[in-house]
Amino acid sequence: MREILIKGGTVVNVRGETKADVRIRDEKIAEVGDSLAKETADRVIDATGLYVLPGAIDAHTHLEMKMGRTFSADGYESGTRAAACGGVTTVFDYTLQTNGRSMLDEIADRNRLAEHKACVDYAFHGGISEVNEATLAEVGEMVKRGFT
């Protein structure tokens with residue numbers, strides 16, 4: 001279990017701003033409060049005088065994507081690095097089906113592109129462009145795997 005404690009920052013959330021500590025355990029916020037104990041933390045970050053913000057999610061990206069005769073400007077490394085600099089911690093990228101290809105194969109190919117380049121967490125939307133028996137048979141499996 002990895003634990004990070006952010007001490008003394010100004011936490012900004014839906015309720016407003018407040019001075020507080022934030023404990024992160026296994027990449028999830030576990031506790032927000034005053035004077036949280038440091039003993040169990042693997043790392044302590046002094047956020048005195050700084051804002052502590054939740055990460056944003058960009059649910060509509062087009063990274064390393066061919067679109068007609070053009071190609072998106074950002075790849076997974078440059079696009080997710082820019083996202084991280086702006087406070088985005090997760091992107092949902094589009095996976096568009098090429099006619100004649102399996103959606104699951106398209107998603108696997110996109111994952112291979114992203115997995116060694118992405119600087120933030122990522123997920124995919126599956127874009128179906130060819131409806132046929134083979135594609136329809138894959139939809140149930142895509143849903144089971146969590147694809148929208």
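If you bin every alpha carbon distance in region 94-138 into 5 Å steps from zero, what whole percent lands in each bin?
Whole-percent P(r) values from 0 Å outward: 5, 23, 30, 20, 12, 7, 4, 0.
Quick check for you: which residues of region 62-84 have the amide N under 17 Å from the point 7 Å beyond the Cα of Glu115 toward its beta carbon?
Counting only backbone N, you get 76-77.
So between Lys144 and Glu77, what do we pick up on full extension, going 0.36 nm a residue minus the alpha carbon distance? Spell out each step's value before the answer.
Values: separation 67, 0.36 × 67 = 24.12 nm, distance 2.83 nm.
Extra length available between Lys144 and Glu77 comes to 21.3 nm.
For the chain, evaluate the Debye formula with one uniform point scatterer on each Cα (no solvent term) and list log10 I(q)/I(0) at q = 0.21 Å⁻¹, rounded to two decimals.
So the normalised log intensities are -1.21.
Would you list, by chain and number, the aspartates and glutamates whose Cα falls below 15 Å from the Cα of Lys66, excluding same-chain residues fewer than 8 positions away?
Partners within reach: Asp74, Asp93, Glu106, Asp109.
So which lysines can Lys28 reach, going by Cα to Cα under 29 Å and dropping same-chain residues fewer than 8 places off?
Lys28 reaches Lys7, Lys19, Lys38, Lys117, Lys144.
Of Phe124, Ser78, Ile6, whose Cα points farthest to the positive end of the dipole of the chain (charges on the beta-carbon: +1 Lys, Arg; -1 Asp, Glu; origin at the Cα centre)?
Ile6
Among bridges DSSP assigns within the chain, what percent are antiparallel (round to 5)?
Working: 16 of 33 bridges.
The antiparallel proportion sits near 50 percent.
Return the calculated 222 nm mean residue ellipticity for the chain, to the nearest 500 deg cm²/dmol, obtained by summing -39500 (n - 2.57) across DSSP H runs with n ≥ 4 and dividing by the residue count.
Working: 3 runs with 34 residues, N = 148.
-7000 deg cm²/dmol, from helical runs alone.
Any read-out appearing in this document is the output of simple, stated calculations on the displayed coordinates, not a laboratory observation. Computed from a prediction, not measured in an experiment: that's the story for all the values here. Counting neighbours? That spans all protein chains shown, and the Cβs are built from the backbone with ideal geometry, glycine included.
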